[in-house]
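Trainee: Sharing a structure below in structure tokens format, with a few things to ask.
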Amino acid sequence: MSASASQSELRLVVLGRTGAGKRSTVGNILGLQDPQQGTDDAGVTQECSKHRGEAAGREVVVVSSPAWFGSGCDPKERRRHISSFIALSSPGPHAFLLCVPVNQPADGEAKALDVLEELFGSSAVSTNTIVLFTHTEELEEDEQLEEYLVTWRKDLRELAERCGERYHTLETRSGEPEERKAVEELLEKVEQAVRESGTQHFSCPLYQEAEERVRQRQEEIVRQRRRQGSPTDSLPEENVTDEEMETAREEAERSVGDLDVDVDGIFPSASVSPLTPAPSFLWGLWEKLAGWMRWLPTLVRREALLGALVGLFVGGPFGGMMGATVGSVATEVGRRKTQKTK
């Protein structure tokens with residue numbers, strides 16, 4: 001890959017917990033039906049993957065990474081995954097896309113942003129990360145994402161605030177034309193973030209080291225292949241074609257070894273796994289409550305949710321009574337407001 005090609009392409013790194021929709025995100029951006037074999041919902045360890053294509057008239061490279069944020073990930077695997085996605089997206093991505101399901105608590109994603117800051121510096125989050133909301137089919141048919149965030153999800157709003165108020169969704173209810181428009185809007189937000197950063201793309205010491213190693217390995221591969229094709233080694237390197245350089249680059253990215261990323265302090269063994277489904281008591285209650293609420297009408301659902309959450313966090317018989325009372329009062333207030341507007 002030539003330097004000019006590297007500068008003209010738009011590089012995106014897709015991150016997220018298992019089941020957050022990374023695979024569908026890659027497919028939506030590049031218009032692919034099945035960008036990866038298997039599924040990120042299966043909960044199995046996957047390798048980092050790189051996909052190249054065209055979107056909204058731009059050459060786009062999308063690197064998808066497994067959920068290496070979790071403390072349950074083997075340290076050696078984590079180090080390998082980090083080295084891999086850095087090498088695949090070097091000399092540096094134009095944006096990190098953090099896939100965030102709207103139907104789950106966002107404490108894990110908040111920890112994920114902490115990890116990105118520890119690895120790459122604060123600007124990686126504040127300037128070069130876009131929150132990409134997924135599973136928006138869980139919202140009511142007439143409920144807009146912005147309305148949902150403002151009304152119900154302070155935790156999700158705080159994620160977007162940490163990322164400079166940059167958030168988006170690729171999920172629409174209007175078919176392919178709207179989906180392609182959503183992709184175009186996402187790429188415009190990426191380019192706007194790059195312009196505001198004042199740099200060509202994101203960079204930091206880890207990426208600079210990765211790019212240097214990739215280039216060194218690329219040159220070694222080219223020399224080896226030229227010697228194999230010409231035993232006298234009479235062909236000068238400047239005669240190497242762009243295609244040869246691009247092929248060597250791809251092999252170099254896959255072969256770059258451990259970058260010696262210091263992750264021991266970032267991932268203490270006792271920390272909570274942020275980007276894998278948490279089999280905790282509260283997590284189970286949340287999932288049951290969310291599933292139950294989807295079956296209720298909008299007005300009743302929201303007021304009942306308020307009462308249920310009060311009962312959940314107060315606990316015990318008293319909490320149950322208090323939750324029921326709060327829910328009933330909220331429902332009645334909502335009903336009266338509705339009648340006044342008619």
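The values are calculated or read from the model by the stated rules, or taken from the named source; none is laboratory data. In this text the structure is predicted, and so the values were computed from the model without any measurement. All Cβ positions, even for glycine, are placed from backbone atoms using ideal geometry, and neighbour counts span all protein chains on display. With ligands, DNA and RNA removed, areas are computed over all heavy atoms of the protein, side chains included. Shrake-Rupley method; radii C 1.70, N 1.55, O 1.52, S 1.80 Å.
Trainee: When you check G198 against the structure, is it modelled with pLDDT of 90 or more, within 29 Å of D107 (Cβ to Cβ) and of a type in the set (G, A, S), yes or no?
Mentor: So G198 fails the test.
Trainee: Go through region 115-127 and count every residue that is open to solvent by 40 Å² or more (accessible area, probe 1.4 Å), within 22 Å of R79 (Cβ to Cβ) and either touching a Ser or Thr at 6+ places or on another chain (Cβ under 8 Å) or touching a residue at least 12 places away in the same chain (Cβ under 8 Å) (or both).
Mentor: Summing the residues that are open to solvent by 40 Å² or more (accessible area, probe 1.4 Å), within 22 Å of R79 (Cβ to Cβ) and either touching a Ser or Thr at 6+ places or on another chain (Cβ under 8 Å) or touching a residue at least 12 places away in the same chain (Cβ under 8 Å) (or both) in region 115-127 gives 1.
Trainee: Output yes when any residue across region 35-45 is at pLDDT 70 or above and either surrounded by fewer than 19 Cβ atoms within 10 Å (Cβ to Cβ) or not hydrophobic (A, V, I, L, M, F, W, C) (or both), and no when none is.
Mentor: Looking through region 35-45, none of the residues is at pLDDT 70 or above and either surrounded by fewer than 19 Cβ atoms within 10 Å (Cβ to Cβ) or not hydrophobic (A, V, I, L, M, F, W, C) (or both).
Trainee: Test R173 against the criterion of being more than 26 Å from S8 (Cβ to Cβ), open to solvent by 70 Å² or more (accessible area, probe 1.4 Å) and in contact with a Leu (Cβ under 8 Å, 6 or more places away or on another chain), and give yes or no.
Mentor: The answer is no for R173.
Trainee: Specify the residue that is farthest from A106 (Cα to Cα); the eligible residues are those in region 46-96 that are modelled with pLDDT under 90 and aromatic (F, W, Y).
Mentor: W68
Trainee: So, one more: If you check V150 against the conditions, is it of a type in the set (A, V, I, L, M) and within 18 Å of the chain's Cα centre (by Cα)?
Mentor: In short, no.
Trainee: While we're here: For region 69-103, give me each residue that is part of a loop (DSSP other than H, G, I, E, B), open to solvent by 10 Å² or more (accessible area, probe 1.4 Å) and farther than 20 Å from L132 by Cβ.
Mentor: S71, G72, C73, D74, P91
Trainee: Do we find a residue being of a type in the set (F, W, Y) and either without any contact (Cβ under 8 Å) to a residue 24 or more places away in the chain or out of contact with any strand residue (DSSP E or B) (no Cβ under 6 Å at 6 or more places or on another chain) (or both) anywhere in region 94-105?
Mentor: no
Trainee: Output yes when any residue across region 128-148 is modelled with pLDDT of 95 or more, part of a loop (DSSP other than H, G, I, E, B) and either in contact with a helix residue (DSSP H, G or I) (Cβ under 8 Å, 6 or more places away or on another chain) or open to solvent by 80 Å² or more (accessible area, probe 1.4 Å) (or both), and no when none is.
Mentor: yes
Trainee: While we're on this one: From the list A160, A106, pick out the single residue that is buried (at least 16 other Cβ atoms within 10 Å of the Cβ), closer than 19 Å to G19 by Cα and touching a Lys or Arg at 6+ places or on another chain (Cβ under 8 Å). Before you say what the answer is, go through the steps one by one.
Mentor: Details: A160 fails: closer than 19 Å to G19 by Cα.
The conditions single out A106.
Trainee: Which of the residues belonging to region 216-238 are at pLDDT below 85, open to solvent by less than 90 Å² (accessible area, probe 1.4 Å) and assigned to a helix (DSSP H, G or I)?
Mentor: Matches in region 216-238: R226, G229.
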